[in-house]
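Working notes for the structure below.
The values are calculated or read from the model by the stated rules, or taken from the named source; none is laboratory data. From a predicted model like this one, the values you see are computed outputs, not experimental measurements. We place every Cβ from the backbone using ideal geometry, glycine too, and count neighbours over all the protein chains shown.
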Amino acid sequence: MDPTVPIAYYAPLKPPGHQNPSGDRLLARLFAEALQQAGFNVELASNFRSRDGAGDPIRQKRLQQLGYSLADRLIRRYQKLAPHQRPKLWFTYHLYHKAPDWLGPRVSQALGIPYVVAEASYAGKQQGGPWDSGLNGSKIALEQASCCFTLNPYDRPGLQQHFPQLSLIDLPPFLNTEHYLPLNTASKQQLACQWHLDPERPWLITVAMMRPGDKSDSYGLLAESLNLAKHKQWQLIVVGDGINAQAVKDQFQPLSNVHFCGQLCRDQLWPLLSASDLFVWPAVNEAFGLALLEAQLAGTPLLVGDEGGVASIMENGNTGYLSLPRNAKAFARQLDALLENPHKLQQMGQLATEHVVAKHSLAQAAEKLRNSLGTLL
């Protein structure tokens, strides 16, 4: 691919430079990096965030009008450029009814360039509901798209049902493994001193933002599961922060062996992930979870709820175990069984690292993007 080929890149849900960390922001950054590695000259088209989480039709209409205004401004700017400097393709990462793309379809049509999306979903049941405007915006975008890269197999049926002509290309979620594997790790004894942990007990770890909704529900289910578990010698390391932090901590109050570390950067998190024995997360309504990929890359097996696309990023029985969704008793039973077999945990950890390197690397994503998008140019 000619590295001078410019493409416009946009993430309507959360732009790559957003101040709040999340898996979505990380993947927005990773897509830009993968497109760059695929040989494109990637330009962030806009930081405009189209998300309306409250289902407010008036706000959605304003966002739509603002989006169209920004799109028209982009069109004027691009049309002033020399033909070889204009984007040859528009690429949007993550759109759905709560965060539609009001920019890309309009700009692509005006410039006569392909419009491509990744991680799109379509919930027809939202028609006529509080996000009807956003749903219609997503429909317009998906009808215009030349192709859609699907990261979560859970999204496929809805897309196939409503957009049978849309070309769907499977793209497994990915990490830039080169950013992690050279990171230094500390001994368990050193980390135990630093974080006031007992090196002789099994270390469980979970990493997630603390916000209302699915994340809070997952934390609550995890607290309930740990309380039901017969094995009580574990320690839980909780990495994350957010507006619901105190409510999350209150859920774990009956448990004495829980250590809250707050929000950590990658260099701080990686040693803890690498030293932990098991990553635990009930995964309520989880799309797939980049934190689950990071844990496996660090050599930490998973115990997770079987929801959304979680099963697609692990090998059940080899790199971790899937538990019945939203079932605290089943989660507790599986946890007890795993903690009784530390040798099995160690074996799964080794397989987990190999799994991510082999199937979820940025280099593999870049190759698929290069091959797929090259046919559109």
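Numbers below:
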| read-out | value |
| --- | --- |
| Qualifying position, being farther than 23 Å from Ala208 by Cα, in a helix (DSSP H, G or I) and of a type in the set (Ser, Thr, Tyr), among Ser50, Ser46, Ser69 | Ser69 |
| Unique residue being closer than 30 Å to Val207 by Cα, polar (S, T, N, Q), surrounded by fewer than 17 Cβ atoms within 10 Å (Cβ to Cβ) and touching a Pro at 6+ places or on another chain (Cβ under 6 Å) when the list is Asn47, Asn20, Asn41 | Asn47 |
| Scan of the stretch 338-357 for residues that are over 20 Å from Trp270 (Cβ atoms) and either touching a residue at least 12 places away in the same chain (Cβ under 8 Å) or within 19 Å of the chain's Cα centre (by Cα) (or both), ordered by number | Leu338, Leu339, Glu340, Pro342 |
| Only one of Leu293, Leu369 that is touching a residue at least 60 places away in the same chain (Cβ under 8 Å), part of a helix (DSSP H, G or I) and not assigned by TED's automatic domain parsing to the domain that holds Ala34 | Leu293 |
| Close pairs from the stretch 20-41: first more than 16 Å from Leu292 (Cβ to Cβ), partner charged (D, E, K, R), Cβ under 7 Å, at least 6 apart | Arg25/Lys14; Ala28/Lys14; Ala38/Arg370; Gly39/Asp2; Gly39/Arg370 |
| Yes/no for Ala337 being of a type in the set (A, V, I, L, M, F, W, C), surrounded by 20 or more Cβ atoms within 10 Å (Cβ to Cβ) and modelled with pLDDT of 95 or more | no |
| Selection from the stretch 98-124 of residues that are of a type outside the set (Gly, Ala, Ser), at negative phi and not in a loop (DSSP other than H, G, I, E, B) | Pro105, Arg106, Val107, Gln109, Leu111, Tyr115, Val116, Val117 |
| Any hit, the stretch 49-60, residues being closer than 28 Å to Asp241 by Cβ, at pLDDT below 95, of a type in the set (A, V, I, L, M) and out of contact with any helix residue (DSSP H, G or I) (no Cβ under 8 Å at 6 or more places or on another chain) | yes |
| When residues of the stretch 112-153 are limited to those that are charged (D, E, K, R) and buried (at least 17 other Cβ atoms within 10 Å of the Cβ), the one nearest to Gly23 (Cα to Cα) | Glu119 |
| Within the stretch 234-272, considering residues that are touching a residue at least 40 places away in the same chain (Cβ under 8 Å) and in a loop (DSSP other than H, G, I, E, B), the one farthest from Arg201 (Cα to Cα) | Gln263 |
| Close pairs (9 angstrom Cβ cut-off, 6 or more residues apart or separate chains): closer than 27 Å to Val116 by Cα and in contact (Cβ under 8 Å) with a residue 12 or more places away in the chain in the stretch 164-189, among the aliphatic types (A, V, I, L, M) and in a loop (DSSP other than H, G, I, E, B) anywhere | Leu166/Ala145; Ser167/Ala145; Asp170/Leu151; Leu171/Leu151; Pro172/Leu151; Pro173/Leu151; Pro173/Ala287; Phe174/Leu151 |
| Residue list for the stretch 22-54, filter: of a type in the set (Ser, Thr, Tyr) and within 20 Å of the chain's Cα centre (by Cα) | Ser22, Ser50 |
| Pair list, Cβ < 7 Å and 6+ apart or interchain, from the stretch 125-138 residues that are without any contact (Cβ under 8 Å) to a residue 12 or more places away in the chain to residues that are in a helix (DSSP H, G or I) and buried (at least 20 other Cβ atoms within 10 Å of the Cβ) | Gln127/Leu135 |
| Condition check for Leu95: within 27 Å of Ala208 (Cβ to Cβ) and part of a strand (DSSP E or B) | yes |
| Test: residue in the stretch 83-91 that is crowded, with 16+ Cβ neighbours inside 10 Å and either aromatic (Phe, Trp, Tyr) or modelled with pLDDT under 95 (or both) | yes |
